[in-house]
Every structure is written in structure tokens, then in C-alpha cells.
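K.L.:
Sharing a structure with you now.
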Amino acid sequence: MTRSADSWNAAYDNDIAPWVIGEPQPAIIALERDGWIRGRVLDPGCGAGEHTILLTKLGYDVLGIDLSPSAVAFARGNAAAQGVPAARFDVADAIALGDSGDSPAYDTIVDSALFHIFVTEPDARAAYVRSLRALCKPGGLVNILALSDAGPGFGPQISDSLIREAFVDGWELEDLQSTHYRGRVTSVVLEQQPDLGVPEGGPIDVAAWLARIRRV
């Protein structure tokens, strides 16, 4: 079952979120550098807000959303600490957001480590993809960075075929490549992999997929 807001809150309130690394993901930095982010941007599952902060600094019109009020509070504090008060964050459910009935508003959606949480929930995954379609303008781009089952890692891991199967009708998969996702070793990670050989608080890079998907 998809985790509740309270469970996500606990990850931030207790500082045990392995995805809070104090910087943007290198794969997302490269994505922007290579020209795959443009126009109005949505950052669903924004977490600590690093990507919203980065893109705001670079002049993008970007909104970060998260189901967790603690995540949004963390992101706002993070933006203030980095001197980027213009960074915008809202508490919102990325699945429900597409049901607003408004016209598609975003040219680019940057999903860093949200899609893969639906790995065992096909109905929720399909609902999320429908929401992305409702939010993304025709011709717009959805970029997904997701933990991969191609190597050892932590958290939910997905196959490349699951990404391909999720984005079929109304989508064009432009690129799907292997990359890395950077995390930090917390008690959550050590519970999953006690013999990891990395001390608590240390960095860890794990296998990931990076997909570029065009809304047609």
C-alpha cells in the first residue's frame, strides 16, 4: 500500500530519509545541462526541495509539491538557508493533482524518485501516469529518475520494462538509460542491508533508470 503522509513525515522529522543528501541528484543536474528542461516545471515528490531550488536559481518557473507537510517545511527551510526565497513549494498529492480539471500547465515534469514507489501497486501507478498526462502540456516532457533493479540498492526498485509498459497510450518514450542515484546511508538503509560496508551517514550510489517521455 502506498505510504501515508505520516510515514513520509517521520522520515523527515527523524532525519532518516536516505534521499536527503544536501544537494541535487547528479543525473538531474546533467538533464538540465543537456537541455531537457524548459518552460514551466513541476517537481512532484520534491522532498527536501533540492531540484526546485536548483531550477529556481537557474531562472525556471518551477513548483515543488509533496504529500508530506514535513517535507514541504523542510524544503522551504532549505530554500531559505540557500538564499533562494523565491523557490515555491506546496503540499499536494501528485496523483490527485491531475483531477483538478484545469488545462495542462507544465512544459516539463521532473520526477526524481517518486515513480518507483508504485512498483507493487499497478492501480496507483496507472493513476499517477494519468495525472502526469493531465498536468503535462502536449509536446511536454516527463523526466523520470527511478531506482533500478539492475543492481544492489535500497528502497523500491523497478525494471525498465515497467517504465515502458506504464507509458504507452498518449506517450512517446524518447530515451531510457541506466544511470546512478545518490543517497546516504541511514538506519533505514542499514536495516535493509546490514552488511553494506558503508558507515551510517556515508554516501552511496545505486543503480537507477533515467527516462525521457514525451506527452503526445
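The values are calculated or read from the model by the stated rules, or taken from the named source; none is laboratory data. Just so we're clear, the structure is a prediction, and the values are computed from it rather than from any experiment. Don't worry about glycine lacking a Cβ; one is built from the backbone with ideal geometry, like all the others, and counts go over all protein chains shown. Please note that ligands, DNA and RNA were not included when accessible areas were found on the heavy atoms of the full protein model with its side chains. Shrake-Rupley method; radii C 1.70, N 1.55, O 1.52, S 1.80 Å.
K.L.:
Leaving out ligands and nucleic acids, note down the accessible area per residue over the chain with a 1.4 angstrom probe, in whole Å².
P.N.:
Accessible area per residue, the chain: 45 Å².
K.L.:
Rank S187, P156, L210 by how far each Cα sits towards the positive end of the charge dipole of region 110-216 (+1 on Lys, Arg Cβ; -1 on Asp, Glu Cβ) and give me just the farthest.
P.N.:
Positive-most Cα among the choices belongs to L210.
K.L.:
While we're on this one: If you roll a 1.4 angstrom probe over the protein chains with everything in place, what fraction of the accessible area of the chain belongs to carbon and sulfur, to the nearest %?
P.N.:
In the chain, the share of accessible area belonging to carbon and sulfur is 51 percent.
K.L.:
Would you work out the charge dipole size for region 14-136 about its Cα centre, treating the Cβ of every Lys and Arg as +1 and the Cβ of every Asp and Glu as -1, and quote it to the nearest 20 debye?
P.N.:
Approximately 240 debye in magnitude.
K.L.:
I've got another one for you. Plugging the Kirkwood radius over Cα pairs into Stokes-Einstein for region 86-168, at a temperature of 4 °C and a viscosity of 1.567 mPa s, what D comes out in µm²/s?
P.N.:
94 µm²/s
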